[in-house]
1. Hey, among Thr51, Thr28, which residue is open to solvent by 100 Å² or more (accessible area, probe 1.4 Å) and more than 25 Å from Pro114 (Cβ to Cβ)?
2. Please work out if Ser78 is surrounded by 10 or more Cβ atoms within 10 Å (Cβ to Cβ), assigned to a loop (DSSP other than H, G, I, E, B) and under 18 Å from the mean Cα position of the chain (by Cα).
3. Write out, first by first residue and then by second, each pair whose Cβ atoms fall under 6 Å of each other, whose residues are 6+ apart or on separate chains, and whose first residue, in the range 67-81, is touching a residue at least 24 places away in the same chain (Cβ under 8 Å) while the second is open to solvent by less than 90 Å² (accessible area, probe 1.4 Å).
4. Conditions: (1) under 18 Å from Ile101 (Cα atoms); (2) in contact with a Ser or Thr (Cβ under 7 Å, 6 or more places away or on another chain); (3) not acidic (Asp, Glu). Val129 meets all but one. Number of the miss?
5. Taking interchain pairs and intrachain pairs at least six residues apart, which have beta carbon atoms under 8 angstrom, with the first residue in the range 11-31 and on the phi > 0 side of the Ramachandran plot and the second acidic (Asp, Glu)?
6. Could you figure out which of (1) among the small types (Gly, Ala, Ser); (2) under 26 Å from Ile69 (Cβ atoms); (3) modelled with pLDDT of 85 or more isn't true of Ala14?
7. Which members of the range 22-40 meet the condition of being over 19 Å from Ser54 (Cβ atoms), aromatic (Phe, Trp, Tyr) and under 35 Å from the mean Cα position of the chain (by Cα)?
Amino acid sequence: KLGAVATGNPMLVARQGLGVSMMYDGNTKFETKNEGVIVSGGTTTVTLSVTGVSTFAGDLNISSSVPQILLTDTDNDSDYAIRNANGTFEIKDTTNNSSRIKILSNGITTVEAPLNVNGNFITSGTASVTGGNLQITGTAPFIGLNDSDNNPDYRLYNSNGEFQIYDVTNTTVRLNVK
């Protein structure tokens, strides 16, 4: 047992079979246990390598000019980085050096092709396809055009092999191409 000369508070306590405790101002900050160590308070490390499962209670804060979490696949498949690069949230395929998903600070989201959606794709803003095709597959696929100003809403249909422009508001077919 080592203590501070001025206060008499212990600074280091070592007990055979019970571990070692390090204290600051009488408060335990670092303890060794049979299963590992316990750190009370904040820690700062340049490199932290953890093997196994890590559990966090509370927030995990990562600060850097480009903070990121690296996901390395040990089966030789693509590796990914989840990062904030210059205010843009990005999921990047680091194996192929390709940004798969980006969300810009203004909310615009880009997805590297192809984007396969199982179910409904709903947008309240602009959706665009550049340099590719938009393909919709279903038993009665349609594109809905909903006007938020109380004007008629329309659907562009492929109904049993016939192309239709359907007025949803007034429940009538406006154009039918057989």
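1. Values: Thr28 fails: open to solvent by 100 Å² or more (accessible area, probe 1.4 Å).
Result: Thr51 is the single residue among Thr51, Thr28 that is open to solvent by 100 Å² or more (accessible area, probe 1.4 Å) and more than 25 Å from Pro114 (Cβ to Cβ).
2. On the way: surrounded by 10 or more Cβ atoms within 10 Å (Cβ to Cβ): yes; assigned to a loop (DSSP other than H, G, I, E, B): yes; under 18 Å from the mean Cα position of the chain (by Cα): yes.
Yes; evaluated as a whole, the condition is true for this residue.
3. Leu70/Ala81
4. Condition (2) is where Val129 drops out.
5. Every condition considered, the pairs that remain are Gly19/Glu31.
6. (2)
7. None - no residue of the range 22-40 is over 19 Å from Ser54 (Cβ atoms), aromatic (Phe, Trp, Tyr) and under 35 Å from the mean Cα position of the chain (by Cα), so the list stays empty.
Conditions tested, residue by residue: (1) surrounded by 13 or more Cβ atoms within 10 Å (Cβ to Cβ); (2) in contact with a Phe, Trp or Tyr (Cβ under 6 Å, 6 or more places away or on another chain); (3) among the β-branched types (Val, Ile, Thr).
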site	(1), (2), (3)
Gly3	yes, no, no
Ala6	no, no, no
Gly19	yes, no, no
Met23	yes, no, no
Thr32	yes, no, yes
Gly42	no, no, no
Asp59	no, no, no
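The values are calculated or read from the model by the stated rules, or taken from the named source; none is laboratory data. Predicted, not measured: the structure shown is a model, and the values here were computed from it. Reconstructed Cβ throughout: ideal geometry from the backbone, glycine too, with neighbour counts over all protein chains shown. All accessible areas refer to the heavy atoms of the entire protein, side chains included, with ligands and DNA or RNA removed. Shrake-Rupley method; radii C 1.70, N 1.55, O 1.52, S 1.80 Å.
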